[in-house]
1. Order by neighbour count: 117, 102, fewest other Cβ atoms within 10 Å first, most last.
2. Mean shadow of the chain, computed from the convex hull of its alpha carbons, in nm²?
3. Residue 57 to residue 124: FRET efficiency via 1/(1 + (r/R0)^6), r the Cβ-Cβ distance, R0 25 Å, to the nearest 0.05?
4. Long-range amide H contacts for residue 149: which residues qualify at under 5 Å (H placed 1.01 Å from N, peptide plane, sequence gap of 5 or more or a different chain)?
5. Evaluate E = 1/(1 + (r/R0)^6) for residue 75 and residue 50, where r is the Cβ-Cβ distance and R0 equals 25 Å; express this FRET efficiency to the nearest 0.05.
6. For the chain, what is the calculated [θ] at 222 nm in deg cm²/dmol (nearest 500), taking -39500 (n - 2.57) for each run of four or more DSSP H residues and dividing by its residue count?
7. Please give the contour-minus-distance gain from residue 102 to residue 1: 0.36 nm per residue of separation, less the Cα-Cα distance, rounded to one decimal in nm.
8. In debye, nearest 20, what is the charge dipole magnitude of the chain about its Cα centre with +1 on Lys and Arg Cβ and -1 on Asp and Glu Cβ, if you could check?
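Nothing in this text is a laboratory measurement; each read-out follows from the coordinates by a stated rule. Since this is a predicted model, take the numbers as computed values, not measurements. With ideal geometry, Cβ positions are generated from the backbone for all residues, glycine too; neighbour counts draw on all protein chains shown.
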Amino acid sequence: MVIVEGILAASALLYLRARNFDVGSLYPQPDLRGTLVGLGLFTAAWLAGVIAVAPLTTPGGRAQITEFSFSGVTIASTVIFAMVNGAFEEVFLLGVLVRGLRGYGLSIAIGVPLLVRVLYHLYQGPLGAVWVLAFGLTFTFFYIRSSRLWPAVFAHTLWDIVPVVIAGF
């Protein structure tokens, strides 16, 4: 997956550069403040997900989100994947789509990237899709207000690491 996303990212950046898109603005600018904001964004997205799926849980209070096996996964491979995946998704969805679609109105700039985000996470099942929708809305609203990619990239990276760590190494 890291190789696939690397190839897709390189291809997309070449295409965007050929179309005179400001490719330099797509590179997240890591800094301490943005990292702390990203930690808060991670927490806010998690809370939004909990609230969004709460009405859809079973009577015992358990949400049936598709579970994954993390057997054979190392912390190093998890971190590498999370860094590449978090950057790939947020740069594409927020930095390219949200920003690129702003000229068509705010509802299009929010709705199309959210639809794309949910569609490529449908493998997580219906509740997973609702969770991803809440997660995506949180990130999208943050990006629209701040135009900062690093906090979203960092929060997404954490989102890809934390479940693996919680599942136990």
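1. Working: 117 23, 102 13.
Starting with the residue having the fewest Cβ neighbours, the order is 102, 117.
2. Working: hull surface 42.1 nm².
The directionally averaged projection comes out at 10.5 nm².
3. On the way: r = 15 Å, r/R0 = 0.61.
Result of the calculation: an efficiency of 0.95.
4. 29
5. Working: r = 25 Å, r/R0 = 1.02.
Using R0 = 25 Å, I get an efficiency of 0.45.
6. Working: 6 runs with 109 residues, N = 169.
When only DSSP H runs of four or more count, the value is -22000 deg cm²/dmol.
7. Details: separation 101, 0.36 × 101 = 36.36 nm, distance 2.98 nm.
Result for the pair: 33.4 nm of gain on full extension.
8. Values: 9 positive and 7 negative charges, 83 e Å.
With Lys and Arg at +1 and Asp and Glu at -1, about 400 debye.
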